[in-house]
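In what follows, a single structure is set out as structure tokens and then discussed.
The values are calculated or read from the model by the stated rules, or taken from the named source; none is laboratory data. Just so you know, these numbers come straight off a predicted model, no measurement behind them. Neighbour counts run over all protein chains shown; Cβ positions are idealised from the backbone, glycine included.
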């Protein structure tokens, strides 16, 4: 191979690498929670009420609570997760959303902080569709009730009792007296599912067919076409590397 040919091959590989990095940077995907990675195996699922047939005994599940300051009536960054390995529930309010409190009124000062809590609850024995625990999301600000608006970036994560198959579907209800409804669900890890935060209320997973069950969350995942494009670029990079190596071997013989 000539010096000019070697230079062109290297330049082409550099262009492919730069293109792949640019596409990966522009992808709208959300990273997988760090507790679902290699080297951090999950401990057995902790139940509030152990269902029949489960032989493993564990410590009770944990709740999560965090108090965040209010600035100009808004607490826009809230992250909390339970303490299991890995966490069985997590709520992230980090996007351009609004968790707001009412302003001061008369002698009542405006709240200066909001306390957000995730509490594990046992499913009703008459409701066998729930996989694992129910997790209740609440927020309080003194005597005030905060209001919440999700602009598409705030997610709730739940760990299933086991990994798929079958895949699980997120369920939500505003209160115990209301029926469950399915929420668009994304598989975020080996046994972790995510859905947009709907507001305060109860969240759970089910593995059973559920009316109007929705999967795929346009606001919290990577589109299949983006993944295909990245795969093509990676294959092109591998092909370029192999081609350069073969040319070097041939020129050396």
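Here is how the numbers come out for the structure above:
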{"read-out": "Total residues in the stretch 124-146, condition modelled with pLDDT of 90 or more and either in contact with a helix residue (DSSP H, G or I) (Cβ under 8 Å, 6 or more places away or on another chain) or surrounded by fewer than 19 Cβ atoms within 10 Å (Cβ to Cβ) (or both)", "value": "2"}
{"read-out": "Of all residues in the stretch 80-94 being under 12 Å from the mean Cα position of the chain (by Cα) and either free of Cβ contacts under 8 Å to residues at least 40 places away in the same chain or assigned to a strand (DSSP E or B) (or both), the one that is farthest from residue 104 (Cα to Cα)", "value": "89"}
{"read-out": "Selection from the stretch 95-123 of residues that are out of contact with any strand residue (DSSP E or B) (no Cβ under 9 Å at 6 or more places or on another chain) and either crowded, with 19+ Cβ neighbours inside 10 Å or free of Cβ contacts under 8 Å to residues at least 40 places away in the same chain (or both)", "value": "103, 104, 105, 106, 107, 109"}
{"read-out": "Set 16, 21: member being touching a helix residue (DSSP H, G or I) at 6+ places or on another chain (Cβ under 6 Å) and either surrounded by 10 or more Cβ atoms within 10 Å (Cβ to Cβ) or at pLDDT 55 or above (or both)", "value": "16"}
